[in-house]
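Below is one structure, written out as structure tokens; comments come after it.
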Amino acid sequence: MDLYGGIEAGGTKFVCAVGSGPDDLRDEIRFPTSTPAEALGKAIAYFREQHARHPLKAIGVASFGPVDPNPASPTFGYVTTTPKPHWAHANVVGVLQEALAVPIGFDTDVNGAALGEHRWGAAQGLDTFVYLTVGTGLGGGGMVNGRLIHGLMHSEMGHMRVPHDRERDPYKGWCTYHGDCLEGLTCGPAIEDRWQISARDLAPGHPAWALEAHYLALGLVNIITILSPQRIIMGGGVMDQLHLFPLIRAEVQTLLNGYVQKPELQEGIDHFIVPPGLGNRAGVLGAIALAQAAAE
Ligand code: ADP
Ligand code: ZN
């Protein structure tokens with residue numbers, strides 16, 4: 001049985017794990033995303049120890065971004081222009097490769113999660129779908145025609161613009177670059193800043209959730225009309241509020257107003273906008289899936 005390492009490199013914490021899939025995740029550690037030297041140093045020490053017990057065939061990194069995912073680029077495997085202290089222009093893949101001497105797979109956290117969902121979760125058998133996370137930020141990745149979405153860089157779905165009715169919602173938005181882009185209006189910190197209460201503590205009947213569903217649905221309609229995904233998977237801490245799903249589904253239907261005539265968007269919508277099949281392990285299993293892809 002081939003074993004792989006995975007790093008879910010989040011803006012808040014690193015999760016490192018060893019395994020071969022959802023039924024075989026053997027070991028896991030977590031630590032804060034402090035500085036590149038410290039966090040990558042801990043990851044290297046962990047994988048060296050694991051590797052000595054059982055050789056790892058490859059390691060995958062599913063990273064917060066922006067990143068450079070282009071293997072032909074001189075800065076491939078870097079976190080690039082992040083406002084996160086210490087991490088701008090941090091070389092991640094190069095440091096791991098030099099220390100561990102195994103193939104390193106690398107992509108955004110959301111493309112990683114999308115690959116994991118495609119292999120083992122809610123996107124099995126699909127070739128065009130989107131994975132969104134709504135948490136500290138809002139990120140989107142996925143596949144088009146069976147390939148992870150890349151291009152100039154990678155998708156930045158969180159920074160799309162959506163209509164902002166300032167009478168209904170005077171909140172200026174949380175994004176440092178744009179204020180009221182989709183991420184700026186919907187991410188966990190935006191909810192908390194707007195309502196001055198932790199998103200975890202907002203009751204399901206609070207008007208915050210109808211507003212949240214409205215903005216997220218506006219984003220989904222843009223994604224649906226541009227990419228024509230066969231499914232949209234929504235994860236991240238904010239989507240742990242499962243009562244958001246029916247609100248979002250209904251709002252998407254209202255906004256589309258019957259224009260896209262597919263059963264998936266009518267009676268089948270409960271299977272079209274869904275939580276991750278891998279639950280809160282989507283991120284780390286995505287990193288393992290990136291490792292497998294690197295080994296292949
Ligand atoms: P990350 O973005 O670092 O990957 P999460 O997806 O867990 O991590 O996002 C963390 C954010 O999500 C927190 O800032 C908080 O606002 C929000 N959040 C986390 N858990 C919940 C919850 N159960 N209900 C509502 N919001 C939550
Ligand atoms: Zn933005």
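The values are calculated or read from the model by the stated rules, or taken from the named source; none is laboratory data. On a predicted model such as this, the values are computed, not experimentally measured, just so you know. Ideal geometry is used to build each Cβ from the backbone, glycine not excepted, and the neighbour counts take in all protein chains shown. Accessible surface is based on the protein model in full, side chains and every heavy atom, while ligands, DNA and RNA are left aside. Shrake-Rupley method; radii C 1.70, N 1.55, O 1.52, S 1.80 Å.
Observations, loosely collected:
- Working from label points 7 Å from Cα in the Cα-to-Cβ sense, the MET1 to ALA210 distance is 5.1 nm.
- At R0 = 41 Å, FRET efficiency that the Cβ-Cβ distance of LYS172 and GLN124 yields, to 0.05: 0.50
- Most positive-pole-ward Cα, VAL238, VAL110, LEU56, against dipole of the chain from beta carbon charges: LEU56
- Remark: for residue pairs LYS57/LYS84; LYS13/LYS172; LYS84/LYS172, the C-alpha separation exceeds 26 Å in LYS57/LYS84; LYS13/LYS172.
- GNM result for the chain, Cα springs below 10 Å: residue of GLU183, GLU49, GLU156 fluctuating most strongly: GLU49
- Base-10 log of normalised Debye intensity for the stretch 124-275 (one unit scatterer per alpha-carbon) at q = 0.18 Å⁻¹: -1.08
- Which of TYR259, TYR177 is most accessible, then next, and so on - probe 1.4 Å: TYR259, TYR177
- In the stretch 39-151, the convex hull through the Cα atoms has an average projected area of 8.0 nm², a quarter of its surface area.
- Theoretical FRET efficiency, 1/(1+(r/R0)^6), r = Cβ-Cβ of ASP27 and GLU296, R0 22 Å, to 0.05: 0.45
- Degrees separating the helix 36-53 axis from the principal Cα axis of the chain, which is the longest one: 60 degrees
- Anisotropy class of the chain from Cα gyration tensor, a/c 1.5 cut: prolate
- Per-residue SASA entry for GLU267, accessible area with 1.4 Å probe, Å² rounded to 10: 150 Å²
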